[in-house]
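Notes to accompany the following structure.
The values are calculated or read from the model by the stated rules, or taken from the named source; none is laboratory data. Quick caveat, the model's predicted, so the values are computed rather than measured. Neighbour counts are summed over all protein chains in view; Cβ atoms, including those assigned to glycine, are modelled from backbone coordinates with ideal geometry.
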Amino acid sequence: MFEQWPSLIARNRSVRRTAIKLWRLTLRMQRATFANAVLVIRNRHGRILFVRSPSGELRLPAKVLDAWLPIATQVEHWLEEMLQQPPTPSLVTIDGTPSRRGVTFLYAAATEVSVEDGDGLWLEPAAANLGSNDNRLLLLCADRCAPDRDVTPAR
């Protein structure tokens with residue numbers, strides 16, 4: 001009986017459509033179940049927004065993502081909560097693999113206003129004492145988001 005399922009799914013349009021929707025839902029949940037978003041927000045002076053963890057350490061703003069919502073939408077809403085005039089974030093890189101450690105979506109944004117936030121501090125990247133993972137993510141963003149870097153493809 002189980003051998004006939006692929007042909008049953010292939011023949012029946014409504015069953016095929018439902019199977020595809022379920023498969024996409026499964027993939028979305030797998031992608032975002034153990035996923036985090038990290039933001040690197042630069043102001044016009046070149047300073048980066050850092051937040052304090054509950055232990056008092058400085059770190060980049062991070063958020064655990066919801067598996068049911070699109071990732072870009074979640075990041076945009078998160079930026080709206082953090083800043084009054086939210087910039088448009090751009091995806092820099094996806095770091096990690098789907099596992100218990102999770103996947104990190106690294107986003108970068110530049111803002112013209114430097115809002116003094118109770119939780120956040122605007123610091124020079126070299127002045128912040130970060131953990132090794134945040135330092136690595138900051139270096140990834142610096143490598144890919146440098147304003148003087150030529151992004152035209154080589155021919």
- [ ] Please find, among 119, 95, the residue that is under 15 Å from residue 48 (Cα atoms) and either surrounded by 10 or more Cβ atoms within 10 Å (Cβ to Cβ) or at pLDDT below 85 (or both).
- [x] 119
Task: Extreme residue, nearest to residue 135 (Cα to Cα), among residues of region 81-104 that are without any contact (Cβ under 8 Å) to a residue 12 or more places away in the chain and within 15 Å of the chain's Cα centre (by Cα) - done: 96
Task: Single residue of 35, 67, 19 found to be among the small types (Gly, Ala, Ser), over 26 Å from residue 122 (Cβ atoms) and crowded, with 17+ Cβ neighbours inside 10 Å - done: 35
